[in-house]
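Down below is the structure, laid out as structure tokens.
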Amino acid sequence: MQGIKIVATGRALPRKIVTNDDLSRLVDTNDEWIRTRTGIRQRYFCEEETCQSLAIEAAFQAVERAGINKQEIGTVIVATATADNVFPSVACMVQNALGLSKEVMAFDLSAACSGFLYGLGVCHSVLLNQKKKYALLIGSEQMSRILDMEDRSTCVLFGDGAGAAVITLDENEFYQKAWSDGNSEALSCKGAGYDNQHLSMEGSKVFKFAVKVIAQGIEEILAESGKTIGEIDYIVCHQANERIIDHVSRKYEGVKFYKNMDRYANTSAASIPIALDEMYEKGMLKEGMQVILVGFGAGFTWSSALLTI
Ligand code: UT7
């Protein structure tokens, strides 16, 4: 089987940490509510940084760690919902900042919190057809730019950050599936030119959707790969809410679910690559391990993948 593997990862966070107590001085909320309802203790918010600068920093780190000839990168994809510009894309800015070959396809991918998982599938297809050896996939978000800091039901949930991965073809097993429900209301944010460009969300609808599709994503990728849950070393879900993950994990006793939303909150398309980068850094991911990734988000998109380390 011609699958893909991650050669190296990187991540970047803004300097400024915002605690739950900090937010309780802005809106009618408190640390206890945020912690018990979401598992979030703090998040990072950009000051001088932007979606673009975070993407560049994370990408630079991933490419350095990969130790590859960067001219061998043929694709740069930035999964984001908070690009600095409508155009040019963040991906083009990464290509320029890293001094990559001009013989490269560089574009942003809009699939909200499912962006990194959708991107993995796109990278797989593209790598099968491109001459260059590597693809650079980044999830980068400046969620603080689209938050309504007067809406306590959303402003406490999100954070800024970026994660990046250098990807190449490999004989490893790799499976990916993706879905979209075409939902326009439960979680949305208007684009350039509209008066209100803040994120709005019907939290409990998204919660129910998330619990349902994470389990479905796990089941379907197991069926596709012919594996049993006992063969899976880790499940890494989009880090939106600890209660969502705990809810699903009850069904899969003994399987380790990675969680880090306590430190980052929900960083949308960046949450899964940030988690993977932390796991590599802690030495949790060893060659041959089988990891299931599950992303879900606005549009009611969702995707799961089985990745061999
Ligand atoms: O990336 C994918 C997108 N996001 C998600 O996956 C998020 C999915 N949804 C959720 O995580 C949860 O639905 C939330 C964390 C957003 C909300 O938790 P909940 O347990 O569903 O709370 P709720 O919306 O039912 O609100 C319960 C109460 C309400 O007060 P009343 O009406 O019961 O008096 C809210 O006004 O909590 C109130 N509330 C807050 N209180 C203190 C809402 N936000 C806050 C807050 N601080 N920040």
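The values are calculated or read from the model by the stated rules, or taken from the named source; none is laboratory data. All values reported here derive from a predicted model rather than from experimental measurement. Virtual Cβ from ideal backbone geometry, glycine too; neighbours counted across all protein chains shown. For the accessible areas, the whole protein counts, side chains as well, though only heavy atoms, and no ligand, DNA or RNA atoms are used. Shrake-Rupley method; radii C 1.70, N 1.55, O 1.52, S 1.80 Å.
Here's a check for you: in region 14-36, which residue that is acidic (Asp, Glu) and open to solvent by 80 Å² or more (accessible area, probe 1.4 Å) is nearest to ARG243 (Cα to Cα)? Full working, then the answer.
Pass one, region 14-36, residues acidic (Asp, Glu): 21-22, 28, 31-32.
Next, from what is left, pick out any that are open to solvent by 80 Å² or more (accessible area, probe 1.4 Å): 21, 28, 32.
Numbers: ASP21: 21, ASP28: 22, GLU32: 14 Å.
The qualifying residue nearest to ARG243 (Cα to Cα) is GLU32.
Just to be sure before I move on: is LYS227 more than 17 Å from GLY39 (Cβ to Cβ) and without any contact (Cβ under 8 Å) to a residue 60 or more places away in the chain in the structure I sent? Judged against the criteria, LYS227 is not a match.
I'd like to know if region 169-183 contains one or more residues that are closer than 25 Å to ALA12 by Cβ and of a type in the set (D, E, K, R). No, region 169-183 has no match at all.
Just to check your reading of the model, which residue among ALA298, ALA305 is aliphatic (A, V, I, L, M), crowded, with 17+ Cβ neighbours inside 10 Å and within 13 Å of the ligand (Cβ to nearest atom)? Being aliphatic (A, V, I, L, M), crowded, with 17+ Cβ neighbours inside 10 Å and within 13 Å of the ligand (Cβ to nearest atom) holds for just one of ALA298, ALA305, which is ALA298.
Please pick out the residue among GLU224, GLU185 that is away from the ligand (no atom under 15 Å from the Cβ) and open to solvent by 30 Å² or more (accessible area, probe 1.4 Å).
Values: GLU185 fails: away from the ligand (no atom under 15 Å from the Cβ).
Answer to the check: GLU224.
Kindly establish whether ILE244 is among the aliphatic types (A, V, I, L, M), within 12 Å of the ligand (Cβ to nearest atom), in the same structural domain as PHE207 (by TED's automatic domain parsing) and surrounded by 23 or more Cβ atoms within 10 Å (Cβ to Cβ).
On the way: among the aliphatic types (A, V, I, L, M): yes; within 12 Å of the ligand (Cβ to nearest atom): yes; in the same structural domain as PHE207 (by TED's automatic domain parsing): yes; surrounded by 23 or more Cβ atoms within 10 Å (Cβ to Cβ): yes.
Criteria met by ILE244.
Against the numbered list (1) modelled with pLDDT under 95; (2) within 16 Å of the ligand (Cβ to nearest atom); (3) of a type outside the set (A, V, I, L, M, F, W, C), GLY193 comes up short only at (2). If you check MET149 against the conditions, is it open to solvent by 20 Å² or more (accessible area, probe 1.4 Å) and either of a type outside the set (D, E, K, R) or away from the ligand (no atom under 15 Å from the Cβ) (or both)? Considered against the rule, which asks whether it is open to solvent by 20 Å² or more (accessible area, probe 1.4 Å) and either of a type outside the set (D, E, K, R) or away from the ligand (no atom under 15 Å from the Cβ) (or both), MET149 comes out as yes.
Residues of region 125-146 that are within 15 Å of the ligand (Cβ to nearest atom) and in a helix (DSSP H, G or I): MET143, SER144, ILE146.
In this structure, GLU253 does not qualify as surrounded by fewer than 24 Cβ atoms within 10 Å (Cβ to Cβ) and in contact (Cβ under 8 Å) with a residue 60 or more places away in the chain. Per this entry, TYR280 is counted among residues that are away from the ligand (no atom under 14 Å from the Cβ) and either open to solvent by less than 20 Å² (accessible area, probe 1.4 Å) or in contact (Cβ under 8 Å) with a residue 60 or more places away in the chain (or both).
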